[in-house]
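Heads up, the thing below is written out as structure tokens.
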Amino acid sequence: MSAAATAWRRLGLALLLLGLLAAALFRLVPFRAELGDLLPPAGTPAARFLLDELRGGAATSLLLAGIEGAPEPELARISREVGDALRASGHFVFVGNGAQDLPPQERDLLFRYRYLLSPIAEDPARFTADALRPRLQGLLDGLRSAAAPVLAQFGFADPPGAFLDLLRSWLGESRVTMRGGVWFAAGDTPPRALIVARGRAPGTDLEAQAAMVRAFEGAFAAAHPGPARLMLRGPGVFSAAAAAAIEADVRMISILSGLLIAGFLLWRTRSLLMLAAVAVPLLAGMLAGTLLVFLVFGAVHGAAFGFGMTMLGVVADYPMLLAGQRRPGEDLRGTARRLGFTLALSALAAAMGLTAMLLSGFPLLAQLGLFGAAGLLAGAAATRWLLPLLLPGGAIRPRPLPGPLPGLLRRLRGSAWPALILPLAALGLWAMGGPRWNDDINHLSPVPEQLRQEDAELRRQLGAPDVGTLIALRGDDAETVLRRAERAGAALAPLVEAGAIAGFDSPARYLPSAATQRARQAALPAEERLRSALSEAARDLPFRPTAFDRFLAGVQESRGLAPLTPAELGPAPTMAARLGLLLTERDGAWQGFVIPDGVRGLPALRAAVAALRDPDILFIHIKGETEALVATAIAQALRWVALGGIGVLALLLLGQWHQRGGWRPGLAALLRIALPIGGAVLVTLAVLAALGEALNPFHLAALLLAAGVGLDYALFLGLPAPEDAAEGDRNLGAVFNCAATTLLTFGLLSFCATPVLRGIGLCVSIGVASAFVLALALAPRGVVTAAPAIPSSGASPSATRRTGA
């Protein structure tokens, strides 16, 4: 049997075994697509609370819609039909479009508890003859107006007006107008019907969020909209859009990077056997990365897997260089032993470059770093120990570089002029004011800016507050949270009077605590006292003696009612949905929000909350907290980049020691190796600044990764050129191959829609290209008797017998 046939048989068995292991692993490992994994870690209680809400709070289940592009009557018809379909779909606990603001059973519940829920009951003066007299006179006037049906139904049973005040409170204060029986945005042109819906599933359930979006779009299509257009926004839409963007990126990168790497390997080797050999360390790296991420995190993020596989593209260099560096008559096992140190050094340098990702605190970035580091090391180990057993016989060698490329690389080696880019980059970076830092957490999201702007527009039209600050409340039960909401409300009331804030929303506005409800019950007048006051107020007015019996009975019933609690709002989904945005239960604990509106005095607001001295009442300035989150993440990334840089430097020194056969590093040699890495970082920062890229922790992690990969180029090219021109061309070609495969993999990331991955791709691509050119330009022109063997990704050389510097 020929060597090639033996190699195919062994490689086939190895690939079959690895494939079966992969199939078994994928049945075991759960995959996830949480957008919250893009968020940084929280360092304060307020930040943790905010991030929990961003990941899965009640507001994440909201959908906002605008329907436009048709005449107003047609838009009203579509809105009604869409609203009815959504209510019948079972996906939503609340659908608001003006057509069905409060169902009869909920209205009856609210009416029954009117005096426990309304602050009117706290003021005994509201039930005196002096207070009731003008209310009865107003009732007479209203019975002669268009409001007569409503007043006939509720006015006699509730002369103080507690129910109608509550109804306005529960239905909210918005800027919408009612036309054709549904909500429209204020203004005449162009008309836009508005709908808001809250889903049953939490924001963390991406499949349910996608189902809600599909239900909305299906209801709109079923309404035969004609030329009308649906603008659907909200966290659910953002989740679907982001998941689609990430999925598209994964698909694009996976397919294109695989095709490009395969095409490049075929171009350089003209051997299908080489492709099969490359697949072995790639599969081994994938298995190791997936298994380790699963063991550490309990699940694998789809984006971490997809883009981690792209990062493992540099593993393709390992088998190609192992086979291509075999010397005449040398067994591949001997080649592996000879390259063992430099192969390990190369893999460690690349893995060290992933330190900042692994320890960044960002779940997605940490998974990506762990996947890449484990995969690189496993791929190098498979190349060192497994491939020599699978590839007996003749070596697979890359073809010489085509055309003028070898001559161009030889002329570039040792030429000082490319190094002129370093002072130019420094000058340009100084002129641009240095690197710009990004402190906006929204820029980490793959959601397009246009979608976020349209979401903000719909929120303004619906009258939702622009939440820049909030007061978060925590407690073991709903009653505790409601009492804290009342305390916070009492502290904010003076600020409203002083004009520091325009107002505030609170769960206690809709559902007071049980203690407050009982206090209102106690403040209600006794039946005889109320009857006497009512009789005096109705004197000389044309009311029958029994006209207000329902009022008297209602007050007495209220005195004996048990306080209304969130648990009793189950049969009232609309009321529960409105309250649920401000008061929710999660993981056995309760939390709530008091949301100030029109904040003009932020220091006064902060001081008022601090004066409460309650650690479970948290003041959260959203912009300040998110900026602090990003700043903390950047500081942490800088620390790990510094430590990773020290590790890369240690590997540099280790490589020098190994190459020289002892501890004689030499300052010039160290500078020739260190300067290309530092220069590549400088050039990368200057190019990113020129492109308008604001740096975030992901850019910093990518800079360290580029330094780790570029170290191999500097280590190898820092040695004098070989005496034999053909040998020198082969070694230069090997380094060029490594740089090319790295650019093919990471360069594709620069075209991703996901900002995190686009930033990584830009940094690594610019850094690797700069490191290769600078290492070549700063390389010496001395002579050695034999060129060093090269590990992957521009890997460091093997031990070399040096004759002259």
#### Entry: Flag for ALA219 being of a type in the set (A, V, I, L, M) and either surrounded by fewer than 16 Cβ atoms within 10 Å (Cβ to Cβ) or under 21 Å from GLY199 (Cα atoms) (or both)
yes
### Task
Might you check whether a residue that is surrounded by 16 or more Cβ atoms within 10 Å (Cβ to Cβ) and assigned to a strand (DSSP E or B) occurs anywhere in the range 555-570?
no
### Message
I'm checking my understanding of the structure. Among residues of the range 123-167 that are of a type in the set (Asp, Glu) and not in a helix (DSSP H, G or I), which one is farthest from PHE548 (Cα to Cα)?
### Response
ASP123
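Here is a list: ARG384, ARG399. Which entry is at pLDDT below 75, within 30 Å of ALA277 (Cα to Cα) and either of a type outside the set (S, T, N, Q) or out of contact with any strand residue (DSSP E or B) (no Cβ under 6 Å at 6 or more places or on another chain) (or both)?
Working: ARG384 fails: at pLDDT below 75.
Only one candidate qualifies: ARG399.
Only one residue in LEU368, LEU389, LEU376 is modelled with pLDDT under 90, surrounded by fewer than 22 Cβ atoms within 10 Å (Cβ to Cβ) and out of contact with any strand residue (DSSP E or B) (no Cβ under 6 Å at 6 or more places or on another chain). Which one? Break it down stepwise before answering.
Values: LEU368 fails: surrounded by fewer than 22 Cβ atoms within 10 Å (Cβ to Cβ); LEU376 fails: surrounded by fewer than 22 Cβ atoms within 10 Å (Cβ to Cβ).
The conditions single out LEU389.
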### Query
Which pairs have Cβ atoms under 6 Å, sit 6 or more apart or on different chains, and link a residue in the range 216-235 that is part of a strand (DSSP E or B) to one that is of a type outside the set (D, E, K, R)?
ARG229/GLY69; LEU230/ILE67; LEU230/PHE220; MET231/GLY66; LEU232/ALA65; LEU232/PHE216; ARG233/LEU64; ARG233/LEU458
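Can you tell me which residue within the range 755-787, out of those that are of a type in the set (Ser, Thr, Tyr) and modelled with pLDDT of 75 or more, is farthest from TRP437 (Cα to Cα)? Steps first, please.
First, pick out the residues of the range 755-787 that are of a type in the set (Ser, Thr, Tyr): 765, 770, 785.
Cutting the leftovers down to modelled with pLDDT of 75 or more gives us 765, 770.
Working: SER765: 20, SER770: 22 Å.
Only one residue fits best here, namely SER770.
Go through the range 101-156 and report how many residues are under 21 Å from PRO542 (Cβ atoms), of a type in the set (Gly, Ala, Ser) and surrounded by fewer than 19 Cβ atoms within 10 Å (Cβ to Cβ). Talk me through it step by step, then tell me what you get.
So in the range 101-156, the residues under 21 Å from PRO542 (Cβ atoms) come out as 129-156.
Cutting the leftovers down to of a type in the set (Gly, Ala, Ser) gives us 129, 131, 138, 142, 145-148, 152, 155.
Checking the rest, the ones that are also surrounded by fewer than 19 Cβ atoms within 10 Å (Cβ to Cβ) come to 129, 131, 138, 142, 145-148, 152.
Total satisfying the criteria: 9.
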### the range 550-566, subset aliphatic (A, V, I, L, M) and out of contact with any helix residue (DSSP H, G or I) (no Cβ under 8 Å at 6 or more places or on another chain), residue farthest from GLN153 (Cα to Cα)
ALA562
### Query
Which one is modelled with the highest pLDDT, of the residues in the range 335-361 that are surrounded by fewer than 24 Cβ atoms within 10 Å (Cβ to Cβ) and part of a loop (DSSP other than H, G, I, E, B)?
LEU359
### Task
Determine, yes or no, whether LEU75 is modelled with pLDDT of 85 or more, in a helix (DSSP H, G or I) and either among the acidic types (Asp, Glu) or in contact with a strand residue (DSSP E or B) (Cβ under 6 Å, 6 or more places away or on another chain) (or both).
yes
### Task
With the checklist (1) at positive phi; (2) of a type in the set (Asp, Glu); (3) surrounded by 16 or more Cβ atoms within 10 Å (Cβ to Cβ) in hand, flag the one item ASP587 doesn't pass.
(3)
### Query
Being modelled with pLDDT under 70 and in a loop (DSSP other than H, G, I, E, B), is that true of even one residue in the range 649-661?
yes
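The values are calculated or read from the model by the stated rules, or taken from the named source; none is laboratory data. Bear in mind that the values here come from a model prediction, so they are computed numbers and not experimental data. Cβ: placed from backbone, ideal geometry, glycine included. Neighbour counts: every protein chain shown.
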